[in-house]
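Quick notes on the structure that follows.
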Amino acid sequence: MTDVGLTRFDDGCTERAAHQSSTLDQLIELSYALVDHGHDDPLICAAFRLVLDLGDHPTPARPALFATWTARCRDLAARAAAEGHLRPGTDPGSLAAAVVATAFGSRVLAGSPAAVANLPHRMTQAWQLLLPAVTEPAALEYFHQFALRREPHRTAPRP
């Protein structure tokens, strides 16, 4: 069951990020998929619960979940740096670790339906902190707006 749920999760996240134009767009989109994809899918939720409760033990059929996603994010960050979208000296491994820790940490901490609904906003807050540190100043506003558009539109609470 774990492998099926995690494969479904992997496929959904990969598909969601594949349609973005720049590599940094793909990394940002992927971060929102990691934090939010499948939270309403019982099979994916059960797979995550098992990984968290029993540990992230790789098998011949499935490498370690967190290591896999950190490697994917590191590859995207390295490509974004090569495209000139990251500040010189930005370490792709550090950026990848921060993105994965934020996404999966947010999932772990979301224990109530209200917290689950707030997951995209948590990722937006993380990007608001990360982007100024890692993005070229000329591109900052574009990527900031790109991240904001990943968050579902919220309506103001009633007074």
Exercise. Of the conditions (1) open to solvent by 50 Å² or more (accessible area, probe 1.4 Å); (2) farther than 24 Å from residue 125 by Cβ; (3) modelled with pLDDT under 80, residue 79 fails just one. Which one is it?
Worked result: (3)
Problem set entry | The lone exception for residue 72 - which of (1) modelled with pLDDT of 95 or more; (2) within 12 Å of the chain's Cα centre (by Cα); (3) open to solvent by 10 Å² or more (accessible area, probe 1.4 Å) it fails | (1)
For this session: Return a yes/no flag: does region 123-135 have any residue that is surrounded by 20 or more Cβ atoms within 10 Å (Cβ to Cβ), β-branched (Val, Ile, Thr), in contact with a Ser or Thr (Cβ under 9 Å, 6 or more places away or on another chain) and in a helix (DSSP H, G or I).
Result: yes
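Scan 64, 110, 114 and give me the residue that is touching a Lys or Arg at 6+ places or on another chain (Cβ under 9 Å), at pLDDT below 80 and more than 21 Å from residue 25 (Cβ to Cβ). Outline the logic, then answer.
Numbers: 64 fails: touching a Lys or Arg at 6+ places or on another chain (Cβ under 9 Å); 114 fails: touching a Lys or Arg at 6+ places or on another chain (Cβ under 9 Å).
Among 64, 110, 114, only 110 is touching a Lys or Arg at 6+ places or on another chain (Cβ under 9 Å), at pLDDT below 80 and more than 21 Å from residue 25 (Cβ to Cβ).
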For this session: Any chance you could count how many residues in region 51-66 are aliphatic (A, V, I, L, M) and open to solvent by 60 Å² or more (accessible area, probe 1.4 Å)?
Result: 3
For this session: Within region 3-17, track down each residue that is modelled with pLDDT under 70 and exposed (fewer than 14 other Cβ atoms within 10 Å of the Cβ).
Result: 3, 4
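I'd like to verify a number: residues in region 96-105 that are open to solvent by less than 20 Å² (accessible area, probe 1.4 Å) and at pLDDT 85 or above, how many?
Taking region 96-105 first, the residues open to solvent by less than 20 Å² (accessible area, probe 1.4 Å) are 96, 99-100, 103-104.
Then keep just the ones that are at pLDDT 85 or above; that gives 96, 99-100, 103.
Going through region 96-105 one residue at a time, the tally reaches 4.
The values are calculated or read from the model by the stated rules, or taken from the named source; none is laboratory data. Predicted model, so just to flag it, every value in this text is computed and none were measured. No Cβ is skipped: glycine too gets one built from the backbone with ideal geometry, and neighbour counts run over all protein chains shown. Just so you know, the surface numbers come from the protein's heavy atoms only, side chains and all, with ligands and any DNA or RNA stripped out. Shrake-Rupley method; radii C 1.70, N 1.55, O 1.52, S 1.80 Å.
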